[in-house]
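The values are calculated or read from the model by the stated rules, or taken from the named source; none is laboratory data. Bear in mind the structure is a predicted one, so any value in this text is a computation, not a measurement. Note that each Cβ is placed from the backbone with ideal geometry, even for glycine, and that neighbours are counted across all protein chains shown. Just the protein is used for accessible areas: all its heavy atoms, side chains included, with ligands, DNA and RNA removed. Shrake-Rupley method; radii C 1.70, N 1.55, O 1.52, S 1.80 Å.
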Amino acid sequence: MSTLPNIEMRPVPVRTALLVGGDSYMEEQLRAILEPGLWTLRHATDNAAALMMAAGKTFDLILTSEKTSGREDVELLRKLRRIRPHTRLIIVAEESTPRDIITSMREHAFSYFSNPISPGGLAVMIRRAIEEPCWDDGIDVVSATPEWIRIRARCDLRTADRVLQFFDEIADLPYPERSAVGMAFREMLTNAIEHGGRLDPNQQVEVSYLRARHVVTCHITDPGEGFTLDEIPHAAIANPADNPLRHIEYRDACGMRPGGFGVLLTQRLVDELVYNERGNEVTLIKYLDLAPPSKAGESHK
């Protein structure tokens, strides 16, 4: 008579998230994402209570309340990382300043949202936070003021999502300029990470964002060997006039994901798109006819 194999049953570790404040909408968001049986959700009434709870227990994810300011949440983050250096904290604040956002990046916040908050964007970032195995070395601030910030970012697309969210918060631009610059920046950053960095997490891209009174520029340098626009058959920009969909056929034959419209789209979203001679650096330029940007200590959005 055959016997059943002896299967060892091991308990599945349960992870814990902490929600600060009594925001029912935020709790609904979390419960829709955190899988029952694998996650438990605890609550803290305010930042002080959250700090006391974190001192006695490690939380896998902490979300602050939009009823607090960015400055208050950054101070909580600073204190948390002294006792729990790898805490994944997403700041959700009622108001913020560019300096608050920059400081949160220096202190390794996982992400940052202030009003008005995009529900879809927040949900994506919560998923990134619970899925990302190694994250807090992914973004390094090289130098930063509210007008000019330089960072280095790890070459993976999840880190790109985090960079884009931070820069969206920092950007003090009205629509439609804000939307155009954000979309163009996304295209060029993901191109640099995917094609220049080859999605190698051991490589980094360098990103610079400069906001002056009448212009905003984004400069991205990748670790790749570079390219010329006539050497990228996987991109729509290189399609001949008599075959505008050639790059789709090429990408399909090479097993590449759908896409290839990034450079072409970016050229239409910004005023100038300039590559260096080697092809591993690109500058996006958008001209503005606006009032001066907010002062460093003023709230924005």
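Below 11 angstrom from the Cβ of residue 156, what's the summed charge of the other residues (Lys, Arg +1; Asp, Glu -1)?
On the way: positive: 128, 154, 158, 162, 198; negative: 132, 161, 194, 200.
Residues close to residue 156 contribute a combined charge of +1.
Hey, can you find the accessible area per residue of region 32-105 for me, probe 1.4 Å, expressed in square angstrom?
Numbers: 3450 Å² over 74 residues.
With the other protein chains kept in place, region 32-105 gives 47 Å² per residue.
Would you mind telling me the antiparallel percentage of the DSSP bridges in region 62-219, rounded to 5? Write out the running numbers ahead of the final one.
On the way: 16 of 23 bridges.
Roughly 70 percent of the DSSP beta bridges within region 62-219 come out antiparallel.
Under 5 Å between amide H atoms, partner at least 5 residues away or on a different chain: which partners does residue 21 have, H built in plane at 1.01 Å?
44, 45, 46
Considering only C-alpha atoms, what is the centroid distance from region 33-112 to region 128-192, in Å?
Distance between centres, Cα-based: 19 Å.
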